[in-house]
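In what follows, a structure is listed as structure tokens, so that the remarks can point back to it.
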Amino acid sequence: MGTEFWMAHVAAAKLEAIPASEYARRHGLSVKSLYYWRRKLKKFDKADAPLPAGKFIALRITPGAAQQSNCTLVLPSDLRLEMSVLPAPGWLAALVCAVPGIR
């Protein structure tokens, strides 16, 4: 059980808005481990704080023919992220935590 596993569970527990002990019981997790990872990831999030609103983020766009994507995420701002493969659960959990308005 690595970081991505716990990132997904910590994000899901936050979204469900139930006590951590209840979430852990439902998913067969150790409450102590869930609290540990919640603290650890919170420290990690503070170190990688998101950019203030209005800042640009560099994207790499590769030239070539348009490809049909297998995964499309539409964010609340109507921004579409099209990917050829499904992202890792930990990446999705981090996205949920980083982008306001995603549930």
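The values are calculated or read from the model by the stated rules, or taken from the named source; none is laboratory data. Just so we're clear, the structure is a prediction, and the values are computed from it rather than from any experiment. Ideal geometry is used to build each Cβ from the backbone, glycine not excepted, and the neighbour counts take in all protein chains shown.
One table, with the values for the structure above:
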{"item": "Some residue of the range 40-53 being among the acidic types (Asp, Glu), surrounded by 11 or more Cβ atoms within 10 Å (Cβ to Cβ) and at pLDDT 75 or above", "result": "no"}
{"item": "Residue tally, condition under 23 Å from residue 99 (Cβ atoms) and surrounded by fewer than 17 Cβ atoms within 10 Å (Cβ to Cβ), over the range 3-19", "result": "9"}
{"item": "Counted residues, the range 18-39 - those being assigned to a helix (DSSP H, G or I) and among the aliphatic types (A, V, I, L, M)", "result": "4"}
{"item": "Only listed residue being modelled with pLDDT of 75 or more and either in contact with a Phe, Trp or Tyr (Cβ under 8 Å, 6 or more places away or on another chain) or part of a strand (DSSP E or B) (or both), chosen from 86, 15, 81, 95", "result": "81"}
